[in-house]
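Below is one structure; the comments refer to it alone.
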Amino acid sequence: MDRNHLAAFQAGPPQTGESGARAQAPGSTEPPAVSIQGVSKTYDTGFQALRSINLTIHRGEIFALLGPNGAGKTTLISIVCGIAMLAEGQVLVNGHDIRRDWRKTRAQVGLVPQELSTDSFETVWRTVSFSRGLFGKPANPAHIEKVLRDLSLWDKRNHQIQTLSGGMKRRVLIAKALAHEPEVLFLDEPTAGVDVELRRDMWTLVRSLREKGVTVILTTHYIEEAEEMADRIGVINGGEIVLVEGKEALMRKLGRKQLTLHLHTPMDRVPETLARHALELSEDGEALVYTLAQDGETADVTALLQDLADAGIRFRDLHTQQSTLEDIFVDLVRDRT
């Protein structure tokens, strides 16, 4: 059993308070899975981890929260899950206030934390089953078996956790978070330092949970996973939400495509006749780099090629490069540092 989790649960709400009106998901009469309004967090040391966070996470979506170390990701998750105190602002889970309705909201939330904290001498079966009972759920061996099989833990069900590898212990944490059938699942850096097989199993499981209507919120350093899995992406930096955007819209809005032309003859500067194209010359003078407009208009490229021909500039090769989500993330964080 996870005594830290048990202590946090049994202690009751970190702070009492009044709840407000239910938030509404866009286009739906149901409240969103998670509604965060005006949440700030300052520790006793004076460090402000969160600054007036406003965030709405819709039911049944996979939401990726990205940010550098110390950005506030884990603090925000800990508040929603009832582990850290909510001192300022309001958080609703499926329309229920996490302070007033703390028992109900915690039963609807599952958390896979970063740290590998499990009872070493307990068996896999017993610790996962206990996690289900911790949230007031009746015994359901069939569900526990399914979770363990989905995570390739069935053969280890009677093993003490201390005998498992690090990757297997990570699987146990995931099983514990799923034992009580949460409607909202938080994955805090769930695949950091794990093997490729577990990572593949994890994302297969996440997709199946989303198909069943479970809302999944993940933080990750593996941005390619967010690019592949997430419906929407939020970026947090310095305790503030930088942006929240649908993944495809984000790639269209902030992504860029570059055309690199490798020249037959190096040049020392870009001719004035090509100034309107805002070309960049490589340091060795052997290539011209053209950044396409966000809509990537073919007419712009055609005009560039015509102007190059008119200027007598020949190139031996060209290639294009599309920015990735990681490129966008790095640019966003750098611009706000």
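The values are calculated or read from the model by the stated rules, or taken from the named source; none is laboratory data. None of these values were measured; they are calculated from a predicted model. Using ideal geometry, Cβ is built from the backbone for each residue, glycine included, and neighbour counts are taken over all protein chains shown.
Given Arg269, Arg199, Arg210, which one is at pLDDT 85 or above, assigned by TED's automatic domain parsing to the domain that holds Arg59 and among the charged types (D, E, K, R)?
Arg210
Matching residues to (1) part of a strand (DSSP E or B); (2) under 27 Å from Leu209 (Cβ atoms); (3) assigned by TED's automatic domain parsing to the domain that holds Val206; (4) modelled with pLDDT under 90:
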| residue | (1), (2), (3), (4) |
| --- | --- |
| Ala7 | no, no, yes, yes |
| Gln15 | no, no, yes, yes |
| Ala21 | no, no, yes, yes |
| Pro26 | no, yes, yes, yes |
| Pro32 | no, yes, yes, no |
| Ser40 | yes, no, yes, no |
| Thr45 | no, no, yes, no |
| Gly70 | no, no, yes, yes |
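Here is a yes/no grid of residues against (1) under 30 Å from Ala49 (Cα atoms); (2) of a type in the set (A, V, I, L, M, F, W, C):
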position: Arg199; (1), (2): yes, no
position: Met202; (1), (2): yes, yes
position: Glu211; (1), (2): no, no
position: Leu218; (1), (2): yes, yes
position: Ile223; (1), (2): yes, yes
position: His264; (1), (2): no, no
position: Val270; (1), (2): no, yes
position: Ala275; (1), (2): no, yes
position: Ser282; (1), (2): no, no
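Restrict the check to the stretch 151-158 and report whether at least one residue is closer than 29 Å to Pro31 by Cβ and surrounded by 15 or more Cβ atoms within 10 Å (Cβ to Cβ).
No, the stretch 151-158 contains no residue that is closer than 29 Å to Pro31 by Cβ and surrounded by 15 or more Cβ atoms within 10 Å (Cβ to Cβ).
Output the qualifying pairs, or none if there are none: Cβ atoms under 8 angstrom, residues six or more apart or on different chains, first residue in the stretch 101-117 and free of Cβ contacts under 8 Å to residues at least 60 places away in the same chain, second residue among the β-branched types (Val, Ile, Thr) and surrounded by 21 or more Cβ atoms within 10 Å (Cβ to Cβ).
Thr105/Val93; Thr105/Ile98
I'm trying to understand the selection: among the residues of the stretch 226-266, which are out of contact with any strand residue (DSSP E or B) (no Cβ under 8 Å at 6 or more places or on another chain) and at pLDDT 85 or above?
Asn237, Thr265, Pro266
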